[in-house]
Amino acid sequence: MLRSGPKDPAVDPRMLERILSGDFRSVARLLTWVENEIPAATAYLRELFSYTGRCFVAGVTGPPGSGKSTLVDRLAAYYRVNGKRLGILAVDPTSPFSGGAILGDRIRMQSRSVDPGTFIRSMATRGHLGGLARSTSDALLVLDAAGFDTVLVETVGVGQDEVEIARTAHVTLVLLVPGMGDDVQAMKAGIMEIGDIFVINKADRPGVERVETQVKTLLALARRSDGWEMPVVRTIASEDAGTQECVQAIEKYRDFLRASEIQKSRSVEVERERLLDLVRSRSVQRLLVDQRMAAKLDELAQRVADRQVDPYSAAEELLRGLEVKL
């Protein structure tokens, strides 16, 4: 599958070939490097980038307890029956002791873990806000290059801060549940503004009609500029009810993107944000790695704490130091 030898001598062509062929062990190894920010990972990401652009990413977000993991498991089963090679990235809260993922999502998707056509990876947020892990975009790049047709990304489930998934996935599903205060949450900005498809899960609970009416009313008042009419789908994921309708809504939006120019402009915006994130993270890394700048950071932090200088002036001084390094 390699078009030519790797440009970077640090890249093992055999491992690169195994990743491109979709070898689970090699993919998992590289994802570990990516998550742990091992320098060698960047060389592989550079090599793999030209093999990407084919994977479709569906994000699933919503409040804790809304059944995201169960729905993802059902969606995965449906796609696998139809012959799709599937990846799942489940973002878990960070353990305050180990810094790793608690793996709650992996436990709920045990049936998928023994499927040779499904790759599951639990990722820790490690303090990153927005509902995703810091390395989610890089992980998606790896899975794309490895030949996965579709990747389902389940966010951590912290509520209305989870807007980053809309910049990462091609389609975003927002889960709501009757009786969990979602009718109040739906009145707020944020998570309601990022959804392409709204899923009322646990639809056998009382109050489902009220939630559906309120969501549809809100959506009618907030017409999208791209012309997409956001559907509201009822599911009972624990009983596999509504899964087909959910997949049909996803595929309908996928066809909508193919037929419009919106995806192209959206891709440019996504890459713009990604470049900004890379510049921010690399700048911080250089600041911390350089001994002189790290010492300067400590000195300025002490001066700010002693009220000898304001934090804005201190930040500008650090930026000037980084400019000299660049």
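Rule-based calculations on the coordinates, nothing more; no lab input. Everything numeric in this text was worked out from a predicted model, so none of it was measured. Cβ sites come from the backbone with ideal geometry, for glycine too, and all protein chains shown count toward neighbours.
For a quick check: sort I165, I262 by the number of other beta carbons within 10 angstrom, fewest at the front.
Values: I165 27, I262 15.
Placing the least packed residue first, the sequence is I262, I165.
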Give the aspartates and glutamates reachable from K296 as a straight Cα distance under 13 Å; neighbours fewer than 8 places away on the same chain don't count. E316, E317
Diffing segment 15-27: the Karplus 3J(HN,Hα) column from phi (6.51, -1.76, 1.60, θ = phi - 60°), in whole Hz with x for Gly and Pro, holds 5, 4, 4, 5, 5, 5, 7, x, 5, 4, 5, 5, 4
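Among R18, R274, which comes first, second and so on when ranked by fewest other beta-carbon atoms within 10 Å? Don't jump to the answer; show the numbers that get you there.
Values: R18 19, R274 15.
Going from least to most buried by this count: R274, R18.
When the Kirkwood hydrodynamic radius is evaluated over all pairs of different C-alpha atoms of segment 214-326, what value in angstrom, to one decimal, is obtained? Working shown, then result.
Working: mean 1/r = 0.0521 Å⁻¹.
Radius from the Kirkwood sum: 19.2 Å.
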Filter K216/K252; K68/K216; K84/K216; K202/K252 down to the pairs with a C-alpha to C-alpha distance above 28 Å, please. K84/K216
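Projected area of segment 268-325, taken from the Cα convex hull and averaged over every viewing direction, in nm²?
Working: hull surface 17.9 nm².
Result: a mean projected hull area of 4.5 nm².
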Can you list residues from other chains, or at least 5 along the same chain, whose modelled amide H is less than 5 Å from the amide H of R85? D149, T150
Output the Cα-based Rg and Dmax of segment 194-260 in Å, rounding Rg to one decimal and Dmax to a whole number. 12.8, 39
Please list, ordered by chain and number, the residues whose modelled amide H lies under 5 Å from the amide H of T172; skip anything fewer than 5 residues away on the same chain. G59, D196, I197
Between I120 and residues 5 or more places away or on another chain, which pairs have amide H atoms under 5 Å apart, with H built 1.01 Å from N, and which residues are they? I88
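Could you list the GluC sites (Glu not before Pro) in segment 260-326 that lie in coil according to DSSP, counting only those with at most 12 other Cβ atoms within 10 Å of their Cβ?
On the way: sites: E261, E269, E271, E273, E299, E316, E317, E323; in loops: E261.
Those satisfying the criteria are E261.
Neighbouring Cβ atoms within 10 Å as the yardstick, rank W33, W228 fewest first.
On the way: W33 19, W228 16.
In order of increasing Cβ crowding within 10 Å: W228, W33.
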